[in-house]
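In what follows, a structure is listed as structure tokens, so that the remarks can point back to it.
The values are calculated or read from the model by the stated rules, or taken from the named source; none is laboratory data. If you're wondering where the values come from, they're calculated on a predicted model, not measured in any experiment. Because the Cβ atoms are built from the backbone with ideal geometry, glycine has one as well, and the counts that use them run over all protein chains shown. Heads up: the accessible areas ignore ligands, DNA and RNA and are worked out on the full protein's heavy atoms, side chains in. Shrake-Rupley method; radii C 1.70, N 1.55, O 1.52, S 1.80 Å.
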Amino acid sequence: MTTANVAVPVRDVEQVLREGGLSRFHKKAILVTGAAWTFVAMEILLVGFVAPIFTGLWGLDGRMQGLVNSAALAGSLCGSLVLGRMADRIGRRAIFQYSILWYAAFTAVTALAWGPWSVMTFRFLAGLGLGGMLVVDPSMLTEYLPPQRRGRLLVFLDFWWPVGLLMATGLSYIFLGPTFDRFGDWSWRYLFLAASFPAFLAFVARRTLPESPYFLARQGRKQEAAEVLTEITGRPVAEAEFSAPEETRSSMRELFDVKLRSRAATTALIWIALNISYYGLFLWLPFVLQGEKSFHVNVYLLLTLSALSQFPGYGAAIWLVERVGRKPTLAVFLLLGGVSAYAFAVADSSGVYITALFFVGFFNLGAWGAVYPYTAETFPTRLRSSAFGLMEGVGKTAAIAGPYIFGHLKDATGSTTWSLTFIAIVMAAGGVVAAIFGRETRGRALT
């Protein structure tokens, strides 16, 4: 009687992570990337709080104010395109570590600005680092997570964004105060210095996370990939236990090939809608809330309400992306966000005004939570950071235009009603695109 050798099927990285489930490593990775997400949000939104000061100091009109608001977004556009591509070529970890250090340094240097053009220059340079974080952080986290928990935990990454808005609101209240001059003419300079300090601490924490196991496996560095998988899963993973896909050289042009062209176009339009609506509204929100329709409610209370509304929005998205899918969650949240933004624009009572503001934050930020797992699962691993870079780049191009168009409409009409209506239309249009042309990605394996 002879015994045949039975070959044990070799697993791939996806299967190893699935079998390993959620571990202590994942909790650390979520905390580290989430903290950085907080600083990204705080940094981008902080300029909205100091915009009234800059307007008074340098006599800025709505268009120029919009350009100052958009400077970090312009830097983010360049950073996301360049650093996203670099991350696919040289690895995620180096970009992951040093982009936050770059951002922190130029946030601090912004405190030395002497006029609108110097502010824009320093904000642009800080934005380069922000672009790297916006691209690489979701890619890194995607490639650490077990596939059965990926959707909800990627939404949870965006859960940290309103923490950044709360931090921006809190720091602004501490350093600027209700009259925006708590420490005199240097108030805004102290604010930027204070905002840079936590990011320097985050740089140290980010050094504890390893390279992506998907990237290492595709590069043929199986021993290193096995070590990282052992660290992630908390159980021994030998080099011979999993397969490494053959590395094929990727090109950004693949995103425009027949197979991926429609996916890239649909995803880009969704990102455009999200970026115009979010940055067009929230970079102007401190100004809007001090305007003629504020109904004499404290601006810091309204900003805090707006931030707090985003937590249940993310919470709903975390549940819905796994329960009903990425596509329907994204489409419905964008559509209802557009309806809420229009209600906010035409509100004629404090009750409607405050309620609409709450739901704008709820639906818009919930949609942001859904777009990350949707995008991560739409594109293959060899192009994932490049795809995120393209989407962030296209989105940030639109985001740069958003605050400028908002300011132009304000100057042209003498109020913010049409500016807010424009935001509502863009948000709803993104929902229509997602509903008609989007594809469901729930349950799809990473390739």
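The set of residues from region 99-114 being farther than 20 Å from Ile400 by Cβ and either in contact with a Leu (Cβ under 8 Å, 6 or more places away or on another chain) or touching a residue at least 12 places away in the same chain (Cβ under 8 Å) (or both) comprises Ile100, Leu101, Ala104, Ala105, Ala108, Val109, Ala111, Leu112.
When you scan region 70-83, do you find a residue that is modelled with pLDDT of 85 or more and surrounded by fewer than 18 Cβ atoms within 10 Å (Cβ to Cβ), even just one? Break it down stepwise before answering.
Taking region 70-83 first, the residues modelled with pLDDT of 85 or more are 71-72, 74-75, 78-79, 82-83.
If we keep only those that are surrounded by fewer than 18 Cβ atoms within 10 Å (Cβ to Cβ) as well, we get 78, 82.
Looking through region 70-83, at least one residue is modelled with pLDDT of 85 or more and surrounded by fewer than 18 Cβ atoms within 10 Å (Cβ to Cβ).
Please indicate, with yes or no, whether at least one residue in region 85-92 is outside any helix (DSSP H, G or I), open to solvent by less than 10 Å² (accessible area, probe 1.4 Å) and of a type outside the set (Asp, Glu).
From region 85-92, those outside any helix (DSSP H, G or I) are 91; that's our starting set.
Retained after the next criterion (residues that are open to solvent by less than 10 Å² (accessible area, probe 1.4 Å)): 91.
Within this subset, residues satisfying the condition of being of a type outside the set (Asp, Glu) are 91.
Scanning region 85-92 turns up at least one residue that is outside any helix (DSSP H, G or I), open to solvent by less than 10 Å² (accessible area, probe 1.4 Å) and of a type outside the set (Asp, Glu).
Hey, could you check region 377-416 for residues that are hydroxyl-bearing (Ser, Thr, Tyr) and open to solvent by less than 40 Å² (accessible area, probe 1.4 Å) and say which is modelled with the highest pLDDT? Once the filter is applied, the top-ranked residue is Thr416.
Condition check: modelled with pLDDT under 85 and closer than 29 Å to Leu308 by Cβ. Does Ala29 satisfy that? Walk me through how you get there before you give the answer.
Details: modelled with pLDDT under 85: no; closer than 29 Å to Leu308 by Cβ: yes.
The answer is no for Ala29.
Does region 392-404 contain at least one residue that is closer than 30 Å to Gly62 by Cβ, touching a Leu at 6+ places or on another chain (Cβ under 8 Å), among the acidic types (Asp, Glu) and assigned to a helix (DSSP H, G or I)? Scanning region 392-404, I find at least one residue that is closer than 30 Å to Gly62 by Cβ, touching a Leu at 6+ places or on another chain (Cβ under 8 Å), among the acidic types (Asp, Glu) and assigned to a helix (DSSP H, G or I), so the answer is yes. Restricting to region 23-54, name every residue that is over 27 Å from Arg150 (Cα atoms), of a type in the set (Phe, Trp, Tyr) and surrounded by fewer than 24 Cβ atoms within 10 Å (Cβ to Cβ). Of everything in region 23-54, just one residue is over 27 Å from Arg150 (Cα atoms), of a type in the set (Phe, Trp, Tyr) and surrounded by fewer than 24 Cβ atoms within 10 Å (Cβ to Cβ), namely Phe54.
For beta carbons closer than 7 Å, sequence separation of 6+ or different chains, a first residue in region 177-189 that is on the phi < 0 side of the Ramachandran plot and at pLDDT below 80 and a second that is surrounded by 14 or more Cβ atoms within 10 Å (Cβ to Cβ) and outside any loop (DSSP other than H, G, I, E, B), the qualifying pairs are Asp181/Ser187. Contact map, region 202-222: first residue closer than 22 Å to Val40 by Cα, second residue in a loop (DSSP other than H, G, I, E, B), Cβ cut-off under 6 Å, separation 6 or more or different chains; pairs are Glu211/Gly91.
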